[in-house]
Structures are given as structure tokens and as C-alpha cells.
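**Student:** Below you will find the structure I want to go over with you.
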Amino acid sequence: MVKIGRFFFRYRNFIFILFYAMLFVPSPPVFSRETLGENYHYFPIICGLLITVTGQLIRGGTIGLAYILRGGKDRKPYADGLVTEGIFRHCRNPLYAGNILMLLGVGILANSLLYVAVMIPMFMFIYQAIVLAEEDFLRGKFGAGFDEYCRRVNRWLPNFKGLSKTFESMRFNWKRWLLKEYNTQFVWLCGITLILLLLYPQLTGHNAIMRNSLLMIILPVLFILYLLVRYLKKSGKLAE
């Protein structure tokens, strides 16, 4: 599994894009009119948004309190130090847990049984392999310190005990959150916009002109905001 994880670690960004594209592959629904009635489409919208927003909040809270270098170095796992503060006090992989919830949420939002039943388990397998590869590296570099951390903190399931104290004792760095997350936010918000407007014609009264108009307004605005944050980051005008 470690070797598999190292392979997926190198190409995980491309895998994430592939999984996002699979949202628009035709699939049987998770929720249907036959089982839930005429207003069945509200169920995937509400459930999907709740789950995917929860995933994004977990990522945001993690990055804003204590950032960890998940990007690796030379497309391999890497760490300058062992980060055990912030959300990492409660879960060893909160960023990955947030990603899984984000994709599960948009899969439900897309009302795709194929995505929820097939793609999400595949995504979880990939992340499990990546985590094992990262743990192999961390154990080799930090030894007993990492083993002790693993004994105290779960790999996936968070321990909420003391979570409020964690937030109270640390300052949330919103600049770091914005600078580290603007790519993810842009892709995530564009995906939600496309799903809502393309897969739910009920939201625009089955009016294609209104749908297209909203797409032509929302997507360019998101792109302009993306370029603005990117400029502020590259120019150094918005530093952590």
C-alpha cells in the first residue's frame, strides 16, 4: 500500500480534477421522484451542500490554525517538522477528511449514485494509500515522536474533546487560509455553480436564458476574484 500511496501522491492533483469531472457523467439518482415525491430535488441540494460545506469548514479551520505542508517536495511526502497543534490535535488527517466530505457532498449534490457508490470508495482507497505513504515517511523521520502522536490521535475519526479550547487558544490566520485555499475555493465554487444550474433546471424555472445568464455572471465573477487573490499573493501585497 505504501508504494501505491507514493504513486498516487505524485499525481493526486490530476486525480482530484478527474474525480471532479466524473460528477457530470450520467448516473442513476441517489434521490428520485418515485421515492421522495415531486420536490425530491431539494433533498440532494440540502444534504449535499451541508456535507460539502462541512468539509470546506474543516479544511479552513485546519489551515487557519496550523498549516501543514501537504504538497510534499519533488512530488514526494515531506515535512520540516511534526505538526500536532490546531485541528491536528484532534485528527491526524483533517485536510484529507475535509476533502472526502467535500467530494461526497458534491456527489450527493449532483444526485449521482455512480459517484457516491463507486467514485467515493475509490477516492477513500486512494487517500488511505497516500496517508500510509506519508506515515511511512513521518515514522522514518520522527520515529518515536510520531508513534506517540499516532497513539494519541486517530488517523481519520476526529476526537472533538477540547476542540473549543483549541480554537480559543490559537489565532485564526485568515490570510493564510485565503492564500492557501483560493485554488480549492475557486474549483469548488465553480463546481457547485455548474451542478446547481445545469443539473437542476427547477431552480431557474426551466428557463434556459436565465440559467445561461447566471452562468455568464457568476463564473466570470469567481474567476476575477481568483485572479485578484492570485495577484495579491504573487505580488506580496497580501502576506500571511
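This table checks each residue for (1) in contact with a strand residue (DSSP E or B) (Cβ under 6 Å, 6 or more places away or on another chain); (2) closer than 23 Å to residue 31 by Cα; (3) of a type in the set (A, V, I, L, M).
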| position | (1), (2), (3) |
| --- | --- |
| 94 | no, no, no |
| 113 | no, yes, yes |
| 130 | no, no, yes |
| 154 | no, no, no |
| 166 | no, no, no |
| 181 | no, no, no |
| 189 | no, yes, yes |
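**Student:** Look through 195, 224, 217, 209 and report the one residue that is assigned to a helix (DSSP H, G or I) and either in contact (Cβ under 8 Å) with a residue 24 or more places away in the chain or within 26 Å of residue 25 (Cβ to Cβ) (or both).
**Tutor:** Numbers: 224 fails: either in contact (Cβ under 8 Å) with a residue 24 or more places away in the chain or within 26 Å of residue 25 (Cβ to Cβ) (or both); 217 fails: either in contact (Cβ under 8 Å) with a residue 24 or more places away in the chain or within 26 Å of residue 25 (Cβ to Cβ) (or both); 209 fails: either in contact (Cβ under 8 Å) with a residue 24 or more places away in the chain or within 26 Å of residue 25 (Cβ to Cβ) (or both).
Result of the check over 195, 224, 217, 209: 195.
**Student:** Could you tell me whether residue 188 is in a loop (DSSP other than H, G, I, E, B) and at pLDDT 90 or above?
**Tutor:** Considered against the rule, which asks whether it is in a loop (DSSP other than H, G, I, E, B) and at pLDDT 90 or above, residue 188 comes out as no.
**Student:** Among the listed residues 50, 36, which satisfies the condition of being more than 29 Å from residue 144 (Cα to Cα) and at pLDDT 95 or above?
**Tutor:** Only one candidate passes the filter, namely 50.
**Student:** When you scan the stretch 58-65, do you find a residue that is out of contact with any Ser or Thr (no Cβ under 7 Å at 6 or more places or on another chain), farther than 19 Å from residue 123 by Cβ and not in a helix (DSSP H, G or I), even just one?
**Tutor:** no
**Student:** I would also like to ask the following. Identify, please: which residue in the stretch 1-58 is crowded, with 17+ Cβ neighbours inside 10 Å and of a type in the set (Gly, Ala, Ser) and is, among those, farthest from residue 196 (Cα to Cα)?
**Tutor:** Restricting to residues being crowded, with 17+ Cβ neighbours inside 10 Å and of a type in the set (Gly, Ala, Ser), the top hit is 5.
**Student:** So which helices (runs of 4 or more DSSP H) stay within the stretch 80-156 end to end and still have 1 or more residues that are crowded, with 21+ Cβ neighbours inside 10 Å?
**Tutor:** 94-109, 120-142
**Student:** Right, next: Could you grab the pairs with beta carbons closer than 7 Å, sequence gap of 6+ or different chains, first residue in the stretch 122-141 and closer than 15 Å to residue 81 by Cα, second one of a type in the set (Lys, Arg)?
**Tutor:** Matching pairs, first to second residue: none at all.
**Student:** Looking at (1) free of Cβ contacts under 8 Å to residues at least 40 places away in the same chain; (2) assigned to a helix (DSSP H, G or I); (3) under 30 Å from residue 193 (Cα atoms), which is the only condition residue 68 fails?
**Tutor:** (2)
The values are calculated or read from the model by the stated rules, or taken from the named source; none is laboratory data. These numbers come from a predicted model, not from an experiment. So basically every Cβ, Gly included, is an ideal-geometry build from the backbone, and we count neighbours across all protein chains shown.
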